[in-house]
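For reference, the structure discussed in these notes is given below.
The values are calculated or read from the model by the stated rules, or taken from the named source; none is laboratory data. Owing to the predicted nature of the structure, the values given are computational and were not obtained by experimental measurement. Counting neighbours? That spans all protein chains shown, and the Cβs are built from the backbone with ideal geometry, glycine included. Heads up: the accessible areas ignore ligands, DNA and RNA and are worked out on the full protein's heavy atoms, side chains in. Shrake-Rupley method; radii C 1.70, N 1.55, O 1.52, S 1.80 Å.
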Amino acid sequence: MTPGDTSGAPGVVVVTGVGRWLGAHVAARLAADERIERVIGVDPAPPNPELADLLSDVELIRLDLDSLGGLLLDLDVDTVVHLALVTAPDPQQGGRAGMKEQNVIGTMQLLAAAQRAPRLRKLVVRSSTAAYGVSFRDPAVFTEETEPREVPRGGFGRDILDIEGYVRGFRRRRPDVTATVLRFAPFIGYAADTTLTRYFSQPVVPTVFGRDPRLQFVHFDDALEVLHRSVAEDHPGTYNVAGPGVLSLSQAIRRAGRVAVPVLEPGLAGVAAIARSLGFGGYGLDQVDLFVHGRVVDTSRLEREYGFTPRSTAAAFDDFIRAHHGGVVVTRDQLAAAEQLVLESIRQVRSTVRERS
Amino acid sequence: MSSPEERRDARYDVPLGVPDPDAEPARRNGHRRVTAPAARPAAPPDEPDTSADEPGVPGPATPHQPAKKTVAKKTVAKKAVAKKTVAKKAVAQQATADEAPAGKAPAGDTPPGPSVADRPGDHWDRKVAQGLAFLRRRLAGDYEVDEFGFDPDLTDAVVHPLVRLLYRDWFRTEVSGIEHVPDEGAGLVVGNHSGTVAIDALILSTALHDRHPAHRYLRLLGADLVFRMPVVSEIARKTGGTVACNPDAERLLGNGELVGVFPEGFKGVGKLYADRYKLQRFGRGGFVSAALRTGTPIVPVAIVGGEEIYPMLADIKPLARLLKLPYFPVTPTFPWLGPLGMVPLPSKWLIEFCPPIPTAHLRDAADDPLVVFNLADQVRETIQQTLHKLLERRPDPFGP
C-alpha cells in the first residue's frame, strides 16, 4: 500500500478504451467525482465526435497500450481501469485478428506495465459472464467460483478466459494491488448500442429452434455505478454484475413486441458466418452459444460487498424497450384489444343462440 | 389405507367398472360438476366470488346446453386455466385487465363493457375468459420465470392439466403417504425410476402438486442428456427441472424448494422388463451429500406401475450407440407399430411416500463417504421394501 494514503478514493486514475462508449462514460463520471484528483483517458484512436463533449474534463492521451509503462511511472498513477475490450470483430479494425490483438495482447501489455508501476495500488478490469463458457452440464446459476467446463467456441469468450488468466497471474505477482474483476452480463438500456441491442431492435428476431435460453442483462447506468464504486472504494476480487431476475429469450422478444423466427440448430453457426461475411447480422459463435445455452449468474456477492443492487433484468430490458419502440410488431394494447374482441364476439354468438332456442 | 374399497371411494367418484377411462369425455377438464347440471343452482362451492356477487341463480339447465357446447369446444382448444392458479397468479397490474373479462358485472371505470350481459354463474364464461387472459399474458410476455427457467404460469395452465389426464384417468394413480412430504421448507424426494421413457418423473410431480395440501411444485433433477435435446430441454426447464449437479441441487434446497431426484438414472429407466421393480445401483450418492450439506430431510418414494407402460423386451445396443442414446428399446409395440407404439400401456399406478429421513444432525458428515453410502443404502432399502409392499397390493398390473 502507498504510504500516507487512506483506502478509498485514489489520486490519479488511468482509464483505457476512452474512445469507446463505456470508457468515455466511465472516464467522464470519474472526472466529475471531486474525490479523484486527476483522470487520464488513454486510447490509440481519437474518441468518437459524439463522445468528445463528454470527455471535456478528461485528459486524453493517444497512446498504444504497449507504451503505457512510461506513463504509469511518470504520472504516479495509482489506479488503472481497463475497459479497452472489443466484444465483436469489426472488419474495419482488422476483424477477429484485430479483436484478439486488442483484447488479449493489449491486456498482456497493460498488465506488464502495471506490474512495474510501484505506486499502483488498484486495478479494475472489465470482464464478462462469458468467462463461464458454455456446456450442457453447466449448473443453472453460475457463482464466481464456478469453473468453466468447456472452453467456449466464440472468440470473445476465449479472449475473456485468457484475460482472466493474465489477471490471476498479476494478482500472484502483485498481491499489494487491489485487483477487481467485474464480470458483466450483456449491457442494455435506453442508449446502449451492442450486438444484442441491435438484435432486439429488429422487427423479426431469429432464435434457435427448441431452445429458449435464460438471459440476464445489466443496465448501462448500473454498470457505470459499479465501475465508479470499484474505483472510489476497495473491492478486491471477482464479481458478477447483472440485473437480478431472468428473462427467457422468447419472453424478452414478446415483451419487446417483436416476432421470433426459430431457426434449426445444425449449421446455424455456418449460416451466421455467411451472413456476417455478407455484411449483415454480425452474430458470431458467442451469440449462437448464448442463444442455445443461456447464462444466469448469482449476484449476491456484488450486493453484499458493494451494498448496491442493480435494477432487475426485466426493468433494464423495459428501459431498452421504451427507447426502441420503433420496430414493434405487436403491442400490448393490440393484444388486449384482440382479447376483448374475441370475448365480445363469443358473447354475441351466445346471446343469439340463446334467443333462437 | 389398506382396504382397496376405501381407497377407491375416497379418490374416484366414478363407477369403478369402467375399463377404459378414455371413454369419459365428461371428465376431460376435470370438472365433474358439468355432468350434473342439477347441482348447479347450489352454486359451485369452489368459486365463492360468483356466488357472493350474484345470489340465487335460477337458470334452468336446458337452454344453456347448446351455447355451452360451442364454448366448450373453444375452451378445450385453448387449454383453459385451472381456477386456483389464476387466483394465485393475478398480479396487481393485470388485475384490472383480468377483471373485465372475468364475467362479472362491468365496473364503472372499465371503458366499453360487454354489450351482452353475461349469464351469471356460468362456468364456461369464466373458463374462456381465463384462457384468453392466459393467451394474452403469454403473447405479451407478462409472466415470471425463475433463475432456473421455471415457469409456473405455463406449468399450471398447460403441463399439469395434460399430465393430469394421464395420471388420473389413464393410469388411475393412487397416492398414499402424502403427509410425509413437508408443507414448507426444503425436502428431497428420492424415487425409483422406470418405464423406458421417463414419464414417471412428470407423473410424480403432477400427482404431488395436486394431492399435496400446499400444492407444492417438485423441482426435478434431470440427466444432462435431457438438456442436450432441443425442445425437451425447454420443457424440462419450464416445468421446474434443472441439470442434476450438486450446485443446482444445493441451491434449490437452500431456497427451500422440494427437489425430486431419481438416483438410478438411465440404469433405472432403461432396464429390461424381466428386471422390473429391482432397484439399480444408486451412483455415487451425490443426492445424499446435497441433502446433508443443506440439512434437508430425505423423503423416499416408491412408484409402482411405471415398469409396465413400455415393457422393454430387448435393448439394441449397436443402434443405441449409433444414435448416441443410452439404450434403444424394443417393446411389444414400439418399433413394430410405429407412432402407435408410443402410446403407454394403461397400467395401474401406486405411489407411496415414505416417512422422511432427517439429516440435520449429520450436517458435518457431508464429505464422509461412509455416512453418505450408508444413508444412500437406507434410502434404497426403504424404496425397495415399499415397492414389494405395493406390488402385493396390486396383484394385476392392469387391474382397475
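So here's what we get for this one:
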{"quantity": "Residues of segment B:247-277 buried by at least 50 Å² on assembly (accessible area, 1.4 Å probe, chain alone as reference)", "calculated": "B:ARG251"}
{"quantity": "Chain A, accessible surface, carbon-and-sulfur percent (1.4 angstrom probe)", "calculated": "54"}
{"quantity": "Segment B:233-335, dipole about Cα centre (Lys/Arg Cβ +1, Asp/Glu Cβ -1), debye to the nearest 20", "calculated": "320"}
{"quantity": "Rounded D (µm²/s) - segment B:154-289, Kirkwood Rh over Cα pairs, Stokes-Einstein at 4 °C, 1.567 mPa s", "calculated": "84"}
{"quantity": "Farthest positive-ward along segment A:1-120 dipole, Cα basis, beta-carbon charges - from A:ALA97, A:PRO44, A:LEU73", "calculated": "A:ALA97"}
{"quantity": "Gain upon complete extension [B:GLU179, B:GLN385; 0.36 nm per residue less C-alpha separation]", "calculated": "72.2 nm"}
{"quantity": "Global size of segment A:245-357 as Cα Rg and Dmax, reported in angstrom", "calculated": "21.6, 71"}
{"quantity": "Alpha-carbon spread of segment A:17-160, three principal axes, descending order, Å", "calculated": "48, 35, 26"}
{"quantity": "Counting all C-alpha pairs of segment B:281-400, share separated by more than 25 Å (%)", "calculated": "47"}
{"quantity": "Pairwise FRET efficiency - B:LYS278 versus B:LEU337, Cβ, R0 = 30 Å, nearest 0.05", "calculated": "0.60"}
{"quantity": "Cα gyration tensor, segment B:215-258 - rounded (a/c under 1.5), prolate or oblate", "calculated": "oblate"}
{"quantity": "Mean shadow area of segment A:45-110 over all directions, Cα convex hull, nm²", "calculated": "5.2"}
{"quantity": "Segment B:330-385 versus segment A:31-92: alpha-carbon centroid distance in Å", "calculated": "60"}
{"quantity": "Estimated dipole of chain A in Debye, rounded to 20 [Cβ of Lys and Arg +1, of Asp and Glu -1, Cα centre]", "calculated": "1200"}
{"quantity": "Minimum 50 Å² accessible area buried by the other protein chains, segment A:141-155 residues, probe 1.4 Å, relative to alone", "calculated": "A:VAL141"}
{"quantity": "Cα-based convex hull volume of segment A:157-246 per residue, rounded to whole Å³", "calculated": "125"}
{"quantity": "Column: log10 I(q)/I(0), Debye, Cα scatterers of chain A, q = 0.06, 0.07, 0.09, 0.15 Å⁻¹", "calculated": "-0.26, -0.34, -0.53, -1.35"}
{"quantity": "FRET efficiency, 1/(1 + (r/R0)^6) with R0 45 Å, evaluated for A:VAL353 and A:GLU225 via beta carbons", "calculated": "0.15"}
{"quantity": "Summed side-chain charge close to A:GLN251 - residues other than A:GLN251 whose Cβ falls under 13 Å, Lys, Arg +1, Asp, Glu -1", "calculated": "0"}
{"quantity": "Pairwise Cα inverse-distance average, inverted: Kirkwood Rh of segment A:199-251 (Å)", "calculated": "13.7"}
{"quantity": "Pair-distance profile P(r), taking every C-alpha pair of segment B:139-182, with 5 angstrom steps and integer %", "calculated": "5, 17, 16, 16, 21, 14, 8, 3, 0"}
{"quantity": "Simple Cβ-charge dipole of segment B:227-273, Lys/Arg +1 and Asp/Glu -1, about Cα centre, in debye nearest 20", "calculated": "200"}
{"quantity": "For the pair B and A, total buried accessible area rounded to nearest 100 Å², probe 1.4 Å", "calculated": "3800"}
{"quantity": "Nitroxide proxy distance, nm - points 7 Å out along Cα→Cβ at B:LEU370 and A:VAL151", "calculated": "4.4"}
{"quantity": "Drop in accessible area of at least 50 Å² in the complex versus isolated chain, residues of segment A:310-357, 1.4 Å probe", "calculated": "A:ARG332, A:LEU335, A:GLU339, A:LEU343, A:ILE346, A:ARG347, A:ARG350, A:ARG354"}
{"quantity": "Whole-number accessible area per residue in Å² for segment A:139-233, which is evaluated in the context of all protein chains at 1.4 Å", "calculated": "35"}
